[in-house]
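S.K.: My questions will all concern the structure given below.
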Amino acid sequence: MEYTAVFQPAGCRGTVSENQTVLDAARKLGAEIETPCGGAQMCGKCKVKIEAGFFGSCGITSGMAHLSPVSEREKKLLTPEELAAHYRLACCATIQGDIAVYVPEQSRAARQIILENGQKKVFKINPAVRKYEVELDRPTLEDYRDDADRLKAGLPNRLFQRGKDINIDYSVLKVLPDILRQNKWKVNVTIWKDSEIIAVEPQDCDKAYGIAMDIGTTTLAAYLCDLATGEVLSQDSLMNSQVRYGDDVISRITYCMLNDDGLEKLNQLIIDDINTLVKRLTKTAGITPQHVFEIVLVFNTVMHHIALNLNPISIGTVPFVSVIRQSLTIKARELGIGIAQAGYIHCLPIEAGFVGADNVAVLIAEEPYKQEQMVLVIDIGTNGEINLGNRNGVLAASCATGPALEGAQIKYGMRAAAGAIEGVIIDAATGEPEIKIIGGYVSGEPARAKGICGSGIIDAVAEMFKAGILYPDGKFNKKVKSARVRQGADGKFEYVLAWAGETAIGQDITINQKDVRAVQLAKAALYAGAKLLMRKKGIENVDRVILAGAFGSYINKENAMVIGMFPDCELENVIAVGNAAGEGAKVALMDVDKRVEAEAAAKTVHFIETATEPDFQKEFYTAMSFPHAVDPFPHVQHILDQIPDLTD
């Protein structure tokens, strides 16, 4: 049986099947609902309100009776007040009649603001794709060579000498006779890696373009480059459409496992995202997608498999084996990517396990394997990667930081979108906060907070610790005399960042004990991973810390060190480099020698599986404390000394 579902305020309406979840109905009809856990009934973020009554404009009668009974899971994740107000979890409630659903502000999937700031790299111009202007002899009765041989003979001498080895893509052969004759045998020839002719065009088509793209679990970042000069002509970013099926890679793997068409759906979503970025980039630059001849893609191992339509299930279980590790070069048309008909997609190699091509891109961008100093490179994201080493060798590890550092798994957490609290300062004397909101001002008025994103949650926890609101073990100090520190509806302590009257959601935005624990778990995973690599290297200190990732650029590095996100280091030697994976993709696009370097890095960097290390749990446990249970932090000790004595 089928019913009608209406989602407001998006206005999405359509027919849905009986016993379909409200979440699946929303996905089908295009209503965006936050689902950090991918619909696994764990996060409680997909709250929706069921409207009751007759809706004449839609011709339906809606009510709670048109849904399955409230589940035990919903009783745990929703408050009694929310249940009384007809709130349900979209992932739990199944449809058994016509429904009108209101998606509240905090449950709507917001458009992410891409926070990107970092260092540009100098690279050699040595692309795989080159253009040559050629003028050919016309055929005669004495010279009746075929068009293909005539074209090869017209190429520069260094290519002509190996002309017999140069192939011509079939799509080029189909248009070759007309192009040559219409342009009076004067054309531009585009050649890929001196081995294949991938375009023949009129002489006024003298430009070749490429795109470097970093496909993250949450965000895609792309750069359109002139392959002759290396100039970035446009750049753009996009939320990964797969986030509706979960914020982390395990959620995506699980979706593929539990749904026969799961891989197909997720693959199509990412291909559509890539094509959307291609169209937006080329439109901004005033060119067409047909003039893009190559795309270099980097991604973590799971995104790599899904984008290439390879089953990722084996990555999700020990021993975390990928389908293939080496770099891949594939015709774009085979993947359904809309660039030049004969264009190529190049994927950098995977290291091992969850450490994918994006980490290889970070390595070739930052080149720790060429440094004298001992460098710690941390790529902070939903899945964190850590590299430690110098010219004598580099170790790498993957850390399951979870999505907490990107706003998920936090009660009022959200992505870095307009309205997110991105910075916090707390006055230790009064306990009063000063918050910075993405968007700043809207129509001349101060923006109202909707929630808190990753950089904000790190600031908030660090500032609460510095102000004496949190003990080093992360527990709330119940002796603090401030209206901001109180017991929540569940009886547990929380800190009020913004009062309801100051927010866009009409509720107090708070940091509770569970939120603090989520940050502790994430930062402990990063620190423990780094400490294990340091132990493998036989060192006590690092000379430099590089924070990679767009998110890493906006972390307050002092606050990050105060809570112990990474080992102690001189703050001036803690550097944020922005999207290093994107930069690595760019240098691989512009210099084929860097692709060789990437292959070498993927093979020579030694991967450490931290989960199987006997000391990992011990390191993880001691890293849960702020900043650490044992390790000293001399470079922020002056801050730690000012924290009130919280001993009983």
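The values are calculated or read from the model by the stated rules, or taken from the named source; none is laboratory data. Only a predicted model underlies this, so the values are computations on that prediction, with no experimental measurement involved. For neighbour counting, all protein chains shown are included, and Cβ atoms are generated from backbone atoms with ideal geometry for every residue, glycine included. What goes into the accessible areas is simple: the full protein's heavy atoms, side chains included, and nothing from ligands, DNA or RNA. Shrake-Rupley method; radii C 1.70, N 1.55, O 1.52, S 1.80 Å.
S.K.: With Ala576, Ala580 as the choices, which residue is at pLDDT below 90, open to solvent by 20 Å² or more (accessible area, probe 1.4 Å) and under 25 Å from the mean Cα position of the chain (by Cα)?
M.R.: After ruling out the rest, the residue left standing is Ala576.
S.K.: Further, regarding this structure: So which residues in region 567-606 are assigned to a loop (DSSP other than H, G, I, E, B) and of a type outside the set (A, V, I, L, M)?
M.R.: Selection gives Pro567, Asp568, Cys569, Glu570, Asn579.
S.K.: Right, another one. Looking for something of a type in the set (Gly, Ala, Ser) and more than 28 Å from Met239 (Cα to Cα) - is there at least one such residue anywhere in region 550-564?
M.R.: yes
S.K.: What number goes with the only condition from (1) surrounded by fewer than 16 Cβ atoms within 10 Å (Cβ to Cβ); (2) closer than 22 Å to Lys45 by Cβ; (3) of a type in the set (Lys, Arg) that Lys283 does not pass?
M.R.: Lys283 satisfies every listed condition except (2).
S.K.: Counting only residues that are touching a Pro at 6+ places or on another chain (Cβ under 8 Å) and at negative phi, give me the helices (runs of 4 or more DSSP H) lying completely in region 230-343 with at least 3 of them.
M.R.: 249-258, 262-285, 301-307
S.K.: Another one. Have a look at Ile253, Ile274 and point out the one that is under 22 Å from Gly356 (Cα atoms) and touching a helix residue (DSSP H, G or I) at 6+ places or on another chain (Cβ under 7 Å).
M.R.: Just one listed residue meets the conditions, Ile253.
S.K.: Does Ala40 meet the test of being part of a loop (DSSP other than H, G, I, E, B) and within 30 Å of Ile421 (Cα to Cα)?
M.R.: yes
S.K.: Pull out all pairs, ordered by first then second residue, where Cβ-Cβ is under 6 Å, the residues are six or more apart or on different chains, the first lies in region 33-50 and is open to solvent by 30 Å² or more (accessible area, probe 1.4 Å), and the second is outside any strand (DSSP E or B) and among the small types (Gly, Ala, Ser).
M.R.: From residues that are open to solvent by 30 Å² or more (accessible area, probe 1.4 Å), the pairs are Lys47/Ser107.
S.K.: Just checking, which of Thr647, Thr622 is at pLDDT 90 or above and polar (S, T, N, Q)?
M.R.: One residue alone meets the criteria, Thr622.
S.K.: Any residue at all in region 88-107 that is under 30 Å from Asp593 (Cβ atoms), in a loop (DSSP other than H, G, I, E, B) and at pLDDT below 90?
M.R.: no
Residues checked against (1) touching a residue at least 60 places away in the same chain (Cβ under 8 Å); (2) open to solvent by less than 10 Å² (accessible area, probe 1.4 Å); (3) under 15 Å from Ile339 (Cβ atoms); (4) among the aliphatic types (A, V, I, L, M):
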| residue | (1), (2), (3), (4) |
| --- | --- |
| Lys184 | no, no, no, no |
| Ile215 | yes, yes, no, yes |
| Thr219 | yes, no, no, no |
| Ser237 | yes, no, no, no |
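S.K.: Hey, can you tell me all the residues within region 489-522 that are within 29 Å of Ile380 (Cβ to Cβ), in a loop (DSSP other than H, G, I, E, B) and not hydrophobic (A, V, I, L, M, F, W, C)?
M.R.: If the condition is that a residue be within 29 Å of Ile380 (Cβ to Cβ), in a loop (DSSP other than H, G, I, E, B) and not hydrophobic (A, V, I, L, M, F, W, C), then Lys492, Gln507, Asp508 are the ones that fit.
S.K.: Filter region 149-175 down to the residues that are in contact with a strand residue (DSSP E or B) (Cβ under 6 Å, 6 or more places away or on another chain) and modelled with pLDDT of 90 or more and list them by number.
M.R.: Asn167, Ile168, Asp169, Val172
S.K.: What number of residues in region 126-137 are over 11 Å from Ile191 (Cβ atoms), open to solvent by 40 Å² or more (accessible area, probe 1.4 Å) and either part of a strand (DSSP E or B) or modelled with pLDDT of 90 or more (or both)?
M.R.: 2
S.K.: From (1) in contact (Cβ under 8 Å) with a residue 40 or more places away in the chain; (2) out of contact with any Pro (no Cβ under 8 Å at 6 or more places or on another chain), pick out the condition that doesn't hold for Leu78.
M.R.: All conditions pass for Leu78, except number (1).
S.K.: So which residues in region 169-182 are open to solvent by 30 Å² or more (accessible area, probe 1.4 Å) and either under 37 Å from the mean Cα position of the chain (by Cα) or under 14 Å from Tyr132 (Cβ atoms) (or both)?
M.R.: Result: Tyr170, single match.
S.K.: If you go through region 60-76, how many residues are within 18 Å of Gln41 (Cβ to Cβ) and surrounded by 19 or more Cβ atoms within 10 Å (Cβ to Cβ)?
M.R.: So the answer is 2.
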